[in-house]
1. ALA336: within 16 Å of the ligand (Cβ to nearest atom), of a type outside the set (Asp, Glu) and closer than 18 Å to LYS368 by Cβ, yes or no?
2. Please give the strands (runs of 3 or more DSSP E) falling wholly within the stretch 227-342 in which 3 or more residues are farther than 22 Å from ILE182 by Cα.
3. Of all residues in the stretch 17-67, which are modelled with pLDDT under 95, open to solvent by 70 Å² or more (accessible area, probe 1.4 Å) and not charged (D, E, K, R)?
4. Please enumerate the residues belonging to the stretch 296-307 that are open to solvent by less than 10 Å² (accessible area, probe 1.4 Å) and touching a residue at least 60 places away in the same chain (Cβ under 8 Å).
5. Condition (residue is in contact with a strand residue (DSSP E or B) (Cβ under 8 Å, 6 or more places away or on another chain) and closer than 22 Å to ASP211 by Cα) applied to the stretch 269-292: is it met by at least one residue?
Amino acid sequence: MKNIDTFDFTNKKVIIRVDFNVPLNEKFKITDDTRIQATIPTIKKVLNSGGSVILMSHLGRPKDGPENKFSLQHLVPALSKQIGVEVQFADDCVGKQAIEKAKNLNHGEVLLLENLRFYKEETKGDEAFAQKLAQLADVYMNDAFGTAHRAHASTAVIAKFFPNNKMFGYVMNNELININKIVKDGKKPITAILGGAKVSGKIEILNNLIDKVDNILIGGGMMFTFIKALGGEVGNSLVEDGLIDTAKAAMQKAEENNVCFHLPTDAVIADKFDNEANRKFCNSHEIPDGWMGLDIGPETGQAFKDIIENSKTIFWNGPMGVFEMENFEHGTIEVAYAITEATKNGAFSLIGGGDSVAAINKFHLQDKVSYVSTGGGAMLEFIEGKTLPGVASIVE
Ligand code: AMP
């Protein structure tokens, strides 16, 4: 594996797998360009070091071949502006035109290829397709952390055609360094905060964190499966009955590992799933029938705040309640502020996974935490202890 900072890019054509899966409005204008912005330092590094850049990405989920609404051509104006170079476009990611345009690319120039997922071969990890992409360039760089958990043609398979010329870009490097600050080199006490709707999506990450952290704080809809497992009354709250034994086993494992497993002691309950529902505070183990818990209560908020503010390393995934509704956002806000407070006092904090990132952005706190991971699914799998194909194919 080579290093982007020390590699000699002079006159090299570098094909970079980026994650340009950005949201577009009905006029095909980008509504959030965070993912594009994130890759600019990588692209500029290659251009400023004498190389040229071929960018490849997916956009959306095209079902059956090319579709205008998923064309990466819509990104060309914004991308050209951000890089400061007129970006060329190949309207097919493989084939004659792509080969021609790649061949004629001079150092300092950028070529964007059309959506990789217009070919089924991409997600199938087809080797012949990967080879066609590979023949466009001298060097392969993976800077798409968001798809690093997929063994697709452009994210993993292609790497084998560049045994001596493959590397990570800065987005990948940063993600790996920061996530490792939680799973490998975290300073104690380490606190993991898990919330969100369901236990089912979080159980593997929970099990992997149990032998690495000091505190686990549970909130969100998932808390009720644990509370029910302990014999609590949860009323109409979200519960996954099929996971009661799994929840019990996780709590048992935490105890054996001397990990403090904190469940909410109180909750904000409502008589329906609606911002305007009747609501009151209640012991989280004694929720009456006809009521459901939609947020952690104030006593829990205070207890969680104390633990978070005394932690040196913090990982947060999943909101504490239905934060999309104003009346049930309070617990999530309290946790978010406690994390920013701890960060101010020197703790390392990492926020990752779809809805906690949405929450931290909603409260405009994203600049007050140490790191916000861009790769939801990939980050979760990495913390779960799984090997990511996009990482393994570069490192091996
Ligand atoms: P996840 O994608 O699993 O992180 O779940 C995020 C979703 O969980 C958000 O849309 C929240 O509204 C929802 N959520 C959080 N707390 C609760 C709760 N107590 N009951 C139902 N849904 C919840």
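The values are calculated or read from the model by the stated rules, or taken from the named source; none is laboratory data. Just so you know, these numbers come straight off a predicted model, no measurement behind them. Neighbour counts run over all protein chains shown; Cβ positions are idealised from the backbone, glycine included. Just so you know, the surface numbers come from the protein's heavy atoms only, side chains and all, with ligands and any DNA or RNA stripped out. Shrake-Rupley method; radii C 1.70, N 1.55, O 1.52, S 1.80 Å.
1. yes
2. 266-270, 279-283, 292-296
3. Selection gives THR31, THR34, GLN37.
4. Passing the criteria: ILE296, THR300, PHE304.
5. Scanning the stretch 269-292, I find no residue that is in contact with a strand residue (DSSP E or B) (Cβ under 8 Å, 6 or more places away or on another chain) and closer than 22 Å to ASP211 by Cα, so the answer is no.
Residue-by-condition table, conditions (1) open to solvent by less than 30 Å² (accessible area, probe 1.4 Å); (2) outside the structural domain of SER311 (by TED's automatic domain parsing); (3) on the phi > 0 side of the Ramachandran plot; (4) free of Cβ contacts under 8 Å to residues at least 40 places away in the same chain:
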position	(1), (2), (3), (4)
ALA254	yes, no, no, no
CYS260	no, no, no, no
THR265	no, no, no, yes
VAL268	yes, no, no, no
ASP274	no, no, no, no
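Residues are listed down the side, and each one gets a yes or a no for (1) farther than 23 Å from LEU263 by Cβ; (2) near the ligand (Cβ under 10 Å from one of its atoms):
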site	(1), (2)
TRP316	no, no
GLY321	no, yes
PHE328	no, yes
LYS344	yes, no
SER349	no, no
SER356	no, yes
ASP367	yes, no
